[in-house]
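To start, the structure under review is shown below, and the notes come after it.
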Amino acid sequence: MTRNDTPRPLTAAEEALLPTDDEVQFYQEHGWYLSKKLLTDEEVDTLNAAADRFYGGHRDRTLPKRPPRLAYWEPEKGDVHRHNDYIFYEDDTIRSILSKPVIAAVAARIAETSQIRLWNSTLIHKPQRADDERNIVPWHFDRHYWQTCSSDEMLTAFIPFHDCGEEMGTITMIDGSHRWKETGGDDNTSRHFAERDRSELEDMLAENAAFNNSEVVKVPVNIPKGHISFHHCRTYHGSGYNVSDRPRRAISLHLQDRTNQWRPYELSSGDLVVYNNDVLVRTDAHGNPDYTDPDFCPVLWEDPR
């Protein structure tokens, strides 16, 4: 399914939606940024309708092979917190909206890079229930799971399909935590939060804050419909229960800056970490995973200058 989509230039109206210099500085200092309205109500409603079809079984294509740690809800799992990776690849309607160049252009501006490529994408459905701890996303930062990446400047766009506030369990940032130095890590840090005990992750956050002589400042991001929350790959974040009267729907769009490429990352066992993309993307001239593969890591924005 090789595609050679070239992102179109921004319109004048889209240029006006880019972050100001002060907003770029805010992201650099705080590790997160809430955008202006980047998607129309119609586009957001189209995303939600596409999610309904996807949950009903629609696929425009499926992955050629199943990666080792694929998050992929299926109906037999019931009314639980759903995660479906590679939604950008499997659904053309969702792909067409998430390819809107202003989204990646905003990411490029705050990350101060001249190119943004897709890294991964996850469709998320958090049911309206407070009786299942699996609906809580414990404190973590994404860089831990991306150890095969060379860049420390990757970022994520969190895109809800509706107004998203605290009662829905919106994404909550640990303000400024992307600038912390870590106390040290072990093999566990490369394991997804769903595979780890929540109290262990709470302890890790507290230890790193103390090591940096910092307070844990929790900032729930209230996201109006059509707006997007961006966060740095080293910003601790999580979310609580959805206690509203409707499911919380969103997509996490994970993004690479221009410099990112594959690097080997060895565990204490001597085994190399394998990220899901590594078994899907093409290989480069040295036989290593190519994180510029246009099928799975297409360019979403490039500075035309």
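Over every Cα atom in segment 10-166, the radius of gyration and the widest Cα-Cα span, Dmax, amount to 16.8, 48 Å.
The listed residues ARG82, ARG129, ARG66 rank as ARG66, ARG129, ARG82 when sorted by accessible area, largest first, using a 1.4 Å probe.
Multiplying the residue separation of SER268 and GLN25 by 0.36 nm and removing their Cα-Cα distance gives an extension gain of 83.7 nm.
With each label modelled as a point 7 angstrom along the Cα→C-beta vector, the ALA16-GLU200 pair spans 5.1 nm. Please label the shape of segment 148-305 as rounded, prolate or oblate, based on the square roots a ≥ b ≥ c of the eigenvalues of the alpha-carbon gyration tensor (a/c under 1.5 means rounded; beyond that, a/b larger than b/c means prolate, else oblate). Oblate shape, in that a/c is at least 1.5 and b/c is the bigger or equal ratio. Looking at segment 120-270, the accessible area is 41 square angstrom per residue; that uses a 1.4 Å probe and ignores ligands, DNA and RNA. If you run the Gaussian network model on the chain, springs between alpha carbon atoms under 10 Å, then out of LEU98, LEU70, LEU267 the most flexible one is LEU267.
Simple spin-label estimate for LYS36 and ASP163 gives 2.2 nm between the two label positions (7 Å along the Cα-to-Cβ direction from each Cα).
Taking label positions 7 Å along the Cα-Cβ direction at both ASP92 and ARG53, the computed distance is 0.9 nm, reported to one decimal. Normalised by the number of residues in segment 240-305, the average gap of Cα pairs under 8 Å and 6 or more apart makes the relative contact order 21 percent. If both residues of a DSSP beta bridge must be in the chain, then about 100% of such bridges are antiparallel. For segment 208-232 versus segment 93-150, the spacing of their alpha-carbon centroids is 14 Å.
Sorting PHE26, PHE161 by solvent-accessible area of protein heavy atoms yields PHE26, PHE161, largest first, with a 1.4 Å probe.
Considering only THR62, THR172, THR156, the mean-square fluctuation computed in a Gaussian network model of the chain, springs between alpha carbons under 10 angstrom, is largest for THR62.
The phi torsions of segment 56-71, fed into the Karplus equation with coefficients 6.51, -1.76 and 1.60 and a -60° offset, translate into couplings of x, x, 5, 9, 7, 6, 10, 4, x, 8, 8, x, x, 10, 5, 8 Hz, rounded to whole numbers, with Gly and Pro shown as x.
Exposed loop sites are taken as GluC sites (Glu not before Pro) in a DSSP loop (any state but H, G, I, E or B) with at most 15 other beta carbon atoms within 10 Å; the longest stretch of the chain without one runs 1-111. For segment 51-98, just say rounded, prolate or oblate: build the C-alpha gyration tensor, square-root its eigenvalues into a ≥ b ≥ c, call rounded for a/c under 1.5, and beyond that prolate if a/b exceeds b/c, oblate if not. It is oblate, given that a/c is not under 1.5 and a/b is not larger than b/c. Using a cutoff of 8 angstrom between alpha carbon atoms and counting only pairs six or more residues apart, the relative contact order for the chain works out to 31 percent. Would the chain count as rounded, prolate or oblate if I go by the C-alpha gyration tensor, calling it rounded below 1.5 in a/c and otherwise prolate when a/b exceeds b/c, oblate otherwise? Cα axes put the chain in the rounded bin. Cross-linked pairs LYS77/LYS126; LYS36/LYS225; LYS36/LYS181; LYS37/LYS218; LYS100/LYS225: Cα-Cα separations exceed 20 Å for LYS36/LYS181; LYS37/LYS218.
The values are calculated or read from the model by the stated rules, or taken from the named source; none is laboratory data. This is a predicted model, so every value here is computed, not measured. Virtual Cβ from ideal backbone geometry, glycine too; neighbours counted across all protein chains shown. Heavy atoms of the whole protein, side chains included, go into the accessibility calculation; ligands, DNA and RNA do not. Shrake-Rupley method; radii C 1.70, N 1.55, O 1.52, S 1.80 Å.
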